[in-house]
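Accompanying notes for the structure given below.
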Amino acid sequence: MKHAFSEDLFLTNKTGKRLYETYAKGMPIIDYHCHLLPQEIYENKQFTDLGEMWLAHDHYKWRAMRTFGVDERLITGDASFFEKFKAFAEIMPELIGNPLYIWCALELKRFFGIDEPLCAENAEKIYEKTKALIAEKHMCPRWCMECSNVEVVCTTEDPVDDLHYHKLLAEDASFRVKVYSAFRPDKAMNCEKAPFKGYIGDLEVAAGKKIGTFEELIAALEKRLQVFKGIGSTISDAGLDNFVWTEATAGELDAILKKARGGEPLSAKETNQFRSAFLLHMGRVYARNGFVMQIHIGAYRNANGDMAAKLGPDTGYDCTDSASDIRSMSALLDALNREGNLPKVILYPLNASDAEPYAILAAAFCKEPGRGNVQLGASWWFNDQAHGIQRQFEAVSNLYPVSLSVGMLTDSRSFLSYPRHELYRRVFCNYLGSLVERGEYFSDEKYLKKIIENVCYQNAKAYFGL
C-alpha cells in the first residue's frame with residue numbers, strides 16, 4: 001500500500017478541519033522568537049541542497065541521529081551534506097510518533113511539493129529532485145520566508161551585538177519581511193560562568209561606559225537596549241537554568257560584581273543574589289522602555305559534559321529541569337508589580353509538568369489595561385510538537401484563557417521551520433472543533449473566527465506593538 005502526506009493532518013473532526021481551512025490557513029506568520037542569523041538573511045545566499053537546509057544547524061535532528069548510533073561524522077562532522085542527508089533518511093521511517101517525522105513531511109510538501117515519505121530507498125531521488133528545485137526557484141533564506149507568508153521575525157542577539165545586519169535589512173526596501181532582534185543579556189546575568197570576566201569588558205566597549213558597580217552594569221545594558229529599540233525591537237529574552245530569589249544590598253552586589261570580574265569563585269548565595277537583582281533591575285528597564293520580558297525557564301544545559309566540551313553549546317546535549325522555584329518567579333513579579341514596574345511578561349517553562357503552575361502564576365499578575373499582560377508562552381523546545389501543544393491547550397485553558405495567547409514561535413535556526421506554525425494552527429483548530437462537537441462551546445461562529453485570528457496573528461501583533 002502506498003502512503004502519502006495527508007491534508008487532514010491533525011484534523012480529526014469536521015469542525016476543526018473547517019475552522020482551519022476557513023480562518024487559520026491563510027494567516028500571516030509573526031515569528032517572535034527564533035535563532036536565525038541576520039547575516040544569512042541579509043546575504044541571502046542560495047542553498048546548495050536539502051542536506052544543508054536540514055542538517056547544518058538542527059540539533060533536533062542531530063539528537064535523533066545519535067539515538068540510532070549514527071557516526072558523529074555524519075551528524076556534525078566533515079561528511080558532505082549529501083552523506084548526512086542519506087544517513088538521516090535511513091532513520092526517518094523509524095521516527096514514528098516523533099515530531100521530526102511530521103516536520104520533515106510538512107517541509108517536503110510545502111517547499112518541494114513532495115508527498116511521499118522519505119526513506120533510504122528514495123533518499124537519492126528526493127535529494128536530486130530537491131536540489132534541482134533549489135536551483136530552479138533560487139531557494140534562499142528570503143525565498144523561504146516570503147514563500148511561508150512570514151510578516152515579522154525576531155532573531156536573538158546579545159547586547160554587545162552591533163546589529164549591523166539588522167540595520168542593513170531595515171534599509172532594504174526590496175525585502176518585505178520585517179526583521180527585529182530580541183535583547184538577550186544572559187552573559188551579563190550569569191556572573192558565575194567563566195565568560196563573564198571578559199564579557200563585561202566587551203559590554204563596556206559596546207556601551208562606551210565604564211562598569212565598576214552593579215548600577216553601572218544596568219545603565220550600560222539600558223544604553224544598549226535603546227540601540228535595539230532604535231531599530232524597532234520591543235522584545236527581550238532571558239534563559240534561566242536555575243533561579244532562587246535572594247535579596248541583596250547594593251554593596252553586596254558591587255562586591256559580587258568585583259569578585260566575578262576578577263575570576264574569583266562565587267557561592268550559590270552570591271550567584272542567586274546577583275541573578276535576582278539582575279532580573280529585578282532589568283524588569284524595570286524593560287517596563288520604562290516598553291519591552292516585553294520573555295523568560296525561558298528550566299533548561300538543563302550540556303548534560304553530556306564530555307560531548308558538549310567537544311562540540312560546544314547548542315549541539316543537542318541540553319535537557320529539562322525544575323530547579324527554578326515558582327515562588328522565586330512569583331517574588332520577582334510581585335516586587336516589580338508593587339513598584340508599578342511590571343512589564344509585559346511571557347513565561348516559558350521547559351518542564352511540561354510546570355505549565356499549569358506557571359499559567360496560574362501568570363494569571364495572578366494580570367491587570368488593566370492590557371489583555372494577557374503576563375502569560376504562559378507557547379509549548380517550547382521539547383514540547384513544541386502536536387502532543388505537547390495539545391496537552392498544553394487541554395491543561396492550561398482551564399486556568400488561563402487560551403484565546404489571549406500570542407501563539408506559536410519556531411525557536412529555530414532553520415529557514416524551513418515555518419510549517420511549525422501550520423502544525424500549531426492545525427492542532428489548535430482541531431482542539432476548538434472538538435469542544436464545539438462535544439457541546440462544550442456553542443457561541444456564535446464570529447467568536448470562533450475572532451479567537452483563531454487573534455491567536456494565530458492579531459494577539460502577537462498587538463502584544464509586541466508590531
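Read the figures in this text as sums done on the coordinates, not as results from a lab. Small disclaimer: the values here were computed from a predicted structure and weren't measured. Please note: Cβ atoms are built from the backbone with ideal geometry, for glycine as well, and neighbour counts cover all protein chains shown.
A few notes on this one:
- Output for segment 55-71, where each listed residue is in contact (Cβ under 8 Å) with a residue 12 or more places away in the chain and in a helix (DSSP H, G or I): LEU55, HIS59, TYR60, LYS61, TRP62, ARG63, ALA64, MET65, ARG66
- Taken together, SER353, SER412, SER397 contain a single residue that is under 24 Å from CYS34 (Cβ atoms) and polar (S, T, N, Q), which is SER412.
- For segment 20-44, the set of residues classified as touching a helix residue (DSSP H, G or I) at 6+ places or on another chain (Cβ under 9 Å) and outside any helix (DSSP H, G or I) consists of LYS25, MET27, PRO28, ILE29, ILE30, ASP31, TYR32, LEU36, LEU37, ASN44, listed by residue number.
- The residue that is surrounded by the fewest Cβ atoms within 10 Å (Cβ to Cβ), among those in segment 123-142 that are of a type outside the set (Gly, Ala, Ser) and without any contact (Cβ under 8 Å) to a residue 24 or more places away in the chain, is GLU136.
- Look at segment 212-230: where a residue is over 16 Å from GLU157 (Cβ atoms) and a partner is acidic (Asp, Glu) and part of a helix (DSSP H, G or I), sitting 6+ places away or on another chain with Cβ atoms under 6 Å, you get THR213/ASP254; PHE214/ASP254.
- Among residues of segment 358-373 that are more than 16 Å from ASN341 (Cβ to Cβ) and in contact (Cβ under 8 Å) with a residue 40 or more places away in the chain, those with a beta-carbon under 8 Å from a residue that is part of a loop (DSSP other than H, G, I, E, B) and among the small types (Gly, Ala, Ser) at least six positions away or on a different chain give the pairs GLY372/SER405.
- Matching residues, segment 76-88, being outside any helix (DSSP H, G or I) and either under 23 Å from the mean Cα position of the chain (by Cα) or over 22 Å from ALA309 (Cβ atoms) (or both): THR76, SER80
- Of all residues in segment 267-301 being assigned to a loop (DSSP other than H, G, I, E, B) and surrounded by fewer than 17 Cβ atoms within 10 Å (Cβ to Cβ), the one that is farthest from the chain's Cα centre (by Cα): SER267
- Screening PHE5, PHE47, PHE10 for residues that are in a loop (DSSP other than H, G, I, E, B), surrounded by fewer than 22 Cβ atoms within 10 Å (Cβ to Cβ), aromatic (Phe, Trp, Tyr) and over 21 Å from the mean Cα position of the chain (by Cα) leaves exactly one candidate, PHE5.
- Here segment 306-322 is the region considered, the condition is being without any contact (Cβ under 8 Å) to a residue 12 or more places away in the chain and loosely packed, with under 15 Cβ neighbours inside 10 Å, and the residue that is farthest from THR156 (Cα to Cα) is ASP306.
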